[in-house]
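A.B. asks: This is the structure I have questions about; it appears just below.
The values are calculated or read from the model by the stated rules, or taken from the named source; none is laboratory data. None of the values given here were measured: they were computed from a predicted structure. A quick note on method: Cβ atoms are made from the backbone with ideal geometry, for glycine too, and the neighbour counts reach across all protein chains shown. Calculation scope for accessible area: heavy atoms of the full protein, side chains included, ligands and nucleic acids excluded. Shrake-Rupley method; radii C 1.70, N 1.55, O 1.52, S 1.80 Å.
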Amino acid sequence: MIIYDPRSYSDILLRWEGSVLPQVLLHLVGTGIVSIVATIAQAQPDINFDMPDEGHKIFGFLVGFLLVFRSTIAYNRFWNGRGFLNGLQNASMEFMRNVCMFASSEAGWGKDPEKAEALKAKRQTFRRLITQLMLIAALKLRGTLGVPKRSSESDEGAVESPLASSTNVSGWELPAWLVIAQTHPLFTQKDVEGYTTAGGNAIFLCMRQISHEVFPLFKEKHYPHVNMLRTTVGHIKDILGIFGQCAAISDTPIPFPYVQMAKVFTIMFLYTLPFALVTELGGFTIVAVWILALGYFGLDAIATEMEDPFGLDINDLDTKELVQEIEQGSRILLEQLEKEPQMMWVEFCVVVCISVGRAFAHLRSPSVPGSIFHAHTFDCLAWCSRYDIEVFFD
């Protein structure tokens with residue numbers, strides 16, 4: 001996505017990269033040629049295009065309505081997609097924070113130094129899996145996840161090693177990202193084999209692995225109460241739900257008949273417009289047609305750009321940045337936990353206070369909106385505590 005200075009006219013007007021001008025340039029040439037032909041023909045004594053323009057005015061209003069309505073839909077899809085990406089990032093980081101709080105040697109019922117290394121490895125596993133999840137989700141939304149295909153050159157009956165070559169796993173041709181994953185520290189050999197088998201359902205396999213890593217923490221008494229486990233599982237459900245909303249935008253285009261008719265009417269209107277204007281404007285017809293063509297075709301190109309916000313175009317949302325922020329954020333979170341493990345214990349106490357406060361507010365008035373106010377008050381206190389509580393350890 002292009003980041004620009006909205007106050008700089010030169011940066012906006014002179015930028016070619018990311019502009020819709022290359023997409024409308026061909027139509028500008030086409031309408032210009034038609035305008036020149038109409039002007040030359042109008043100059044002939046036996047040819048007269050003197051026709052009422054009321055029909056074209058109504059036609060232009062219809063085309064403008066179709067394009068504006070489509071652009072509004074496309075903009076809503078783009079803005080909703082941006083909000084969903086923010087929600088995906090927040091849910092992922094909240095999951096990591098929650099898991100690190102309970103997968104800490106400072107949490108649970110008492111401290112067990114013998115489990116410190118195992119818990120440290122567990123936290124690193126969660127970081128690796130959540131980064132994998134965001135990467136797979138980003139590739140899925142960008143349309144580059146791909147599905148492994150059976151290699152036509154491989155013998156299906158032959159016995160191969162799990163990683164026979166850089167692009168072939170047990171007779172399957174791998175997408176580019178899985179080829180890289182074979183030698184990337186983020187993925188293990190088991191991960192590559194599992195995602196190769198899962199294909200387009202790789203994200204659900206990753207979610208299942210995360211869930212299988214969470215439940216043992218509850219069995220080992222790191223979650224004092226099942227409701228706290230439900231909070232962690234709720235974050236996993238939130239991630240899956242938000243991804244589903246992103247996928248709905250990515251996989252569901254604006255209905256084809258609407259887009260088709262909008263484009264057909266736009267072409268019909270602008271390529272016949274010179275014959276309706278040439279009588280009044282003469283040689284200035286080409287200028288008027290160019291201005292209208294730039295507006296109408298430009299509006300159509302803008303809608304096309306915004307319709308799929310997760311694609312590979314330069315104006316699409318940067319899903320790669322989302323993965324990088326999750327990876328860096330989770331790393332910083334774990335580094336902070338290693339330096340100040342008591343921070344997670346204090347946050348654990350804050351979460352317990354929040355749960356007690358919510359329960360108390362609900363018992364006092366389960367049906368009165370005031371209880372919701374009390375619960376939100378505790379949320380505000382928790383938010384402040386999460387960032388300002390470090391002053392107690394200076």
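Residue by residue, here is whether (1) touching a residue at least 12 places away in the same chain (Cβ under 8 Å); (2) out of contact with any helix residue (DSSP H, G or I) (no Cβ under 8 Å at 6 or more places or on another chain); (3) farther than 23 Å from Phe204 by Cα; (4) open to solvent by 70 Å² or more (accessible area, probe 1.4 Å) holds:
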| position | (1), (2), (3), (4) |
| --- | --- |
| Pro216 | no, yes, no, no |
| Tyr223 | yes, no, yes, no |
| His235 | yes, no, no, no |
| Gly241 | no, yes, no, no |
| Gly244 | no, yes, no, no |
| Ala248 | no, yes, no, no |
| Thr252 | no, yes, no, yes |
| Val259 | yes, no, yes, no |
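A.B. asks: Got a sec? Which of Phe69, Phe78 is surrounded by 13 or more Cβ atoms within 10 Å (Cβ to Cβ), within 25 Å of Thr252 (Cα to Cα) and touching a helix residue (DSSP H, G or I) at 6+ places or on another chain (Cβ under 6 Å)? Please lay out each step first, then the result.
C.D. replies: On the way: Phe69 fails: touching a helix residue (DSSP H, G or I) at 6+ places or on another chain (Cβ under 6 Å).
Going through Phe69, Phe78 in turn, just one is surrounded by 13 or more Cβ atoms within 10 Å (Cβ to Cβ), within 25 Å of Thr252 (Cα to Cα) and touching a helix residue (DSSP H, G or I) at 6+ places or on another chain (Cβ under 6 Å): Phe78.
A.B. asks: Can you tell me which of Ser19, Ser10 is small (Gly, Ala, Ser) and exposed (fewer than 12 other Cβ atoms within 10 Å of the Cβ)? Step through it out loud before you land on a result.
C.D. replies: Details: Ser19 fails: exposed (fewer than 12 other Cβ atoms within 10 Å of the Cβ).
Among Ser19, Ser10, only Ser10 is small (Gly, Ala, Ser) and exposed (fewer than 12 other Cβ atoms within 10 Å of the Cβ).
A.B. asks: With the structure loaded, tell me whether Val29 is modelled with pLDDT of 85 or more and of a type in the set (Val, Ile, Thr) or whether it fails that test. Spell out the reasoning first.
C.D. replies: Working: modelled with pLDDT of 85 or more: yes; of a type in the set (Val, Ile, Thr): yes.
Yes.
A.B. asks: Looking at Val323, Val289, can you tell me which residue is closer than 26 Å to Tyr75 by Cβ, open to solvent by less than 40 Å² (accessible area, probe 1.4 Å) and in contact with a Ser or Thr (Cβ under 8 Å, 6 or more places away or on another chain)? Before the answer, list the steps.
C.D. replies: Working: Val289 fails: closer than 26 Å to Tyr75 by Cβ.
Only one candidate passes the filter, namely Val323.
A.B. asks: Would you be able to tell me the number of residues in segment 30-42 that are open to solvent by less than 80 Å² (accessible area, probe 1.4 Å), of a type in the set (A, V, I, L, M, F, W, C) and over 19 Å from Ile291 (Cβ atoms)?
C.D. replies: Here the count works out to 1.
Matching residues to (1) in a helix (DSSP H, G or I); (2) surrounded by fewer than 20 Cβ atoms within 10 Å (Cβ to Cβ); (3) modelled with pLDDT of 80 or more:
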position	(1), (2), (3)
Asn90	yes, yes, yes
Phe95	yes, no, yes
Cys100	yes, no, no
Trp109	no, yes, no
Ala116	yes, yes, no
Ala121	yes, yes, yes
Thr125	yes, yes, yes
Gln132	yes, no, yes
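A.B. asks: Another question, then. Among the residues of segment 189-198, which ones are of a type in the set (Ser, Thr, Tyr) and either open to solvent by less than 30 Å² (accessible area, probe 1.4 Å) or at pLDDT 85 or above (or both)?
C.D. replies: The first filter runs over segment 189-198 and keeps only residues of a type in the set (Ser, Thr, Tyr), leaving 195-197.
Those that are of a type in the set (Ser, Thr, Tyr) and either open to solvent by less than 30 Å² (accessible area, probe 1.4 Å) or at pLDDT 85 or above (or both): Tyr195, Thr196.
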